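Reading through the structure tokens given below for one structure.
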Amino acid sequence: MSRAAAFAHPLLRVPTPAAWIAQARALPDVLLIDHANCEKKAASTALALMFAYAEDLELTGKMSRLAREELRHYEQVAKLIRSLGVPPRRLAPGRYAERMRRLVAKTEPQREVDLMICGAFIEARSCERFAALSPAIGAPLSDLFQGLHNAEARHYKVYLDLAGRAAKRAGVALPARIEAFAALEADLITSPDPLFRFHSGPPAPIPGC
Ligand SMILES: [Fe+2]
Ligand SMILES: [Fe+2]
């Protein structure tokens, strides 16, 4: 049975394409630098949510712990980047997070529900990518990714719990909204992507080939 046929996930509809894994194996420096950026962004998103929902002590407590954990992940990735002698450089972000955020409602109470769902998908995809990469990429990257896999599985459940709580409080339907994000996410993961990044789709064909 192919990996795609066997794929079953509570949130994600599609597995990481084999073409993306092959690209990650070919571009480990870009993978690591973008991964470090993702960890920083995950911490900064958690901090932003602490400001946006400052009156919600359950949410701020969870986001504070999350931000600290993401910064520790960043330090782990940065340490590996240094030890491998990967030259530091700036990378423009890929399309994934920006396109997911475009689906987030502009007004409350739907906005909070959407932000939590969006966070759950980004964390769930990170978790799935770590699991897919670990056996394919070799040490020392595989050791790091294996170690981070469990943390990202916890993180997506934290966001999903907060999404459920916000939806209940607001009286909005959660399953339909999850489905909307799931459809968009699956499209971003399976449609050709001109820019290789940690959350990118498979490589776009080269014109003329
Ligand atoms: Fe992380
Ligand atoms: Fe995370």
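The values are calculated or read from the model by the stated rules, or taken from the named source; none is laboratory data. None of the values given here were measured: they were computed from a predicted structure. In this analysis, Cβ positions are derived from the backbone assuming ideal geometry, glycine residues included, and neighbour counts consider all displayed protein chains. Only protein heavy atoms, including side chains, enter the accessible area calculation; ligands, DNA and RNA are left aside. Shrake-Rupley method; radii C 1.70, N 1.55, O 1.52, S 1.80 Å.
Within the stretch 182-205, the only residue that satisfies the criterion of being in a loop (DSSP other than H, G, I, E, B) and closer than 16 Å to residue 11 by Cα is 199.
Which residue is nearest to the chain's Cα centre (by Cα), if the candidates are limited to the stretch 168-209 and must be among the hydroxyl-bearing types (Ser, Thr, Tyr) and buried (at least 17 other Cβ atoms within 10 Å of the Cβ)? Filtering the stretch 168-209 for residues that are among the hydroxyl-bearing types (Ser, Thr, Tyr) and buried (at least 17 other Cβ atoms within 10 Å of the Cβ), the one nearest to the chain's Cα centre (by Cα) comes out as 200. Being out of contact with any strand residue (DSSP E or B) (no Cβ under 9 Å at 6 or more places or on another chain), open to solvent by 20 Å² or more (accessible area, probe 1.4 Å) and more than 16 Å from residue 158 (Cβ to Cβ) is the requirement here; does residue 79 meet it? So residue 79 passes the test.
Residue by residue, here is whether (1) open to solvent by 60 Å² or more (accessible area, probe 1.4 Å); (2) away from ligand 1 (no atom under 16 Å from the Cβ); (3) touching a helix residue (DSSP H, G or I) at 6+ places or on another chain (Cβ under 9 Å) holds:
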position: 45; (1), (2), (3): no, no, yes
position: 53; (1), (2), (3): no, yes, yes
position: 58; (1), (2), (3): yes, yes, yes
position: 64; (1), (2), (3): no, no, yes
position: 67; (1), (2), (3): no, no, yes
position: 84; (1), (2), (3): yes, yes, yes
position: 103; (1), (2), (3): no, yes, yes
position: 106; (1), (2), (3): yes, yes, no
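Scanning the stretch 1-50 for residues that are more than 16 Å from ligand 2 (Cβ to nearest atom), in contact (Cβ under 8 Å) with a residue 12 or more places away in the chain and among the aliphatic types (A, V, I, L, M) yields a count of 10. When the residues of the stretch 156-183 are filtered to those that are without any contact (Cβ under 8 Å) to a residue 60 or more places away in the chain and within 16 Å of ligand 2 (Cβ to nearest atom), the one that is farthest from residue 115 (Cα to Cα) is 157. Considered as a group, the residues in the stretch 113-155 that are of a type outside the set (A, V, I, L, M) and more than 14 Å from ligand 2 (Cβ to nearest atom) include one that is least open to solvent (accessible area, probe 1.4 Å), and that residue is 114. Among the residues making up the stretch 62-89, a single one is more than 15 Å from ligand 2 (Cβ to nearest atom) and of a type in the set (Ser, Thr, Tyr): 83. Take residue 59 and tell me if it is more than 21 Å from residue 124 (Cβ to Cβ) and either within 14 Å of ligand 2 (Cβ to nearest atom) or not hydroxyl-bearing (Ser, Thr, Tyr) (or both). So residue 59 fails the test. When each of 164, 147 is tested for being at negative phi and within 16 Å of ligand 1 (Cβ to nearest atom), the lone residue that passes is 147.
Against the definition (more than 20 Å from residue 173 (Cβ to Cβ) and assigned to a helix (DSSP H, G or I)), how does residue 130 come out, yes or no? Criteria met by residue 130.
Taking residue 91, is it at pLDDT 95 or above, closer than 14 Å to residue 38 by Cβ, more than 16 Å from ligand 1 (Cβ to nearest atom) and open to solvent by 10 Å² or more (accessible area, probe 1.4 Å)? Taking the combined requirement at face value, the residue satisfies it. Note on the stretch 150-161: among residues that are among the aliphatic types (A, V, I, L, M) and over 21 Å from residue 20 (Cβ atoms), the one that is farthest from ligand 1 (Cβ to nearest atom) is 160.
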